[in-house]
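Let me begin by presenting the structure, written as structure tokens, before commenting on it.
The values are calculated or read from the model by the stated rules, or taken from the named source; none is laboratory data. Source: prediction; values computed, not measured. Backbone-built Cβ (ideal geometry, glycine too); neighbour counts: all protein chains shown. Accessible surface areas use protein heavy atoms only, side chains included; no ligands, DNA or RNA. Shrake-Rupley method; radii C 1.70, N 1.55, O 1.52, S 1.80 Å.
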Amino acid sequence: MGSSGNPLASAQSARQVCVLDFDTVYETHVDFAWRAARRMGLGAADAEDVVQEAFVVVHRRLAEFEGRADIKTWVFKILLHL
């Protein structure tokens, strides 16, 4: 039986693997994260610290990102939890 008859193989081929580069994610979303932290009421120094901490989490967990939401939403949620 070929892979077309195997439901597991079909599910795996239908699922897109999301490969993201940390540097690209950082460059694309760091300004957004900083503005969001400031809008949450943090001072400039505290916003900088929280954003840095958020991107440490992003770096550590990027391989776990499944792409079920936009990457910007995921970064924001990490920031919000910090």
Worksheet item: Between residues in the stretch 67-82 that are charged (D, E, K, R) and residues that are surrounded by 11 or more Cβ atoms within 10 Å (Cβ to Cβ) and at pLDDT 95 or above, which pairs lie under 7 Å by C-beta distance while being six or more apart or on different chains?
Response: LYS72/HIS29; LYS72/PHE32
Discussion item. I'd like to check something: does the stretch 18-39 contain any residue that is touching an Asp or Glu at 6+ places or on another chain (Cβ under 9 Å) and modelled with pLDDT under 95?
Written reply: yes
Worksheet entry | Residues within the stretch 40-58 that are open to solvent by 80 Å² or more (accessible area, probe 1.4 Å) and closer than 12 Å to PHE76 by Cα, tallied | 1
Fill in: Close pairs (8 angstrom Cβ cut-off, 6 or more residues apart or separate chains): free of Cβ contacts under 8 Å to residues at least 40 places away in the same chain in the stretch 44-56, assigned to a helix (DSSP H, G or I) and of a type in the set (Phe, Trp, Tyr) anywhere
ALA47/TRP34; GLU48/TRP34; VAL51/TRP34; PHE55/TYR26
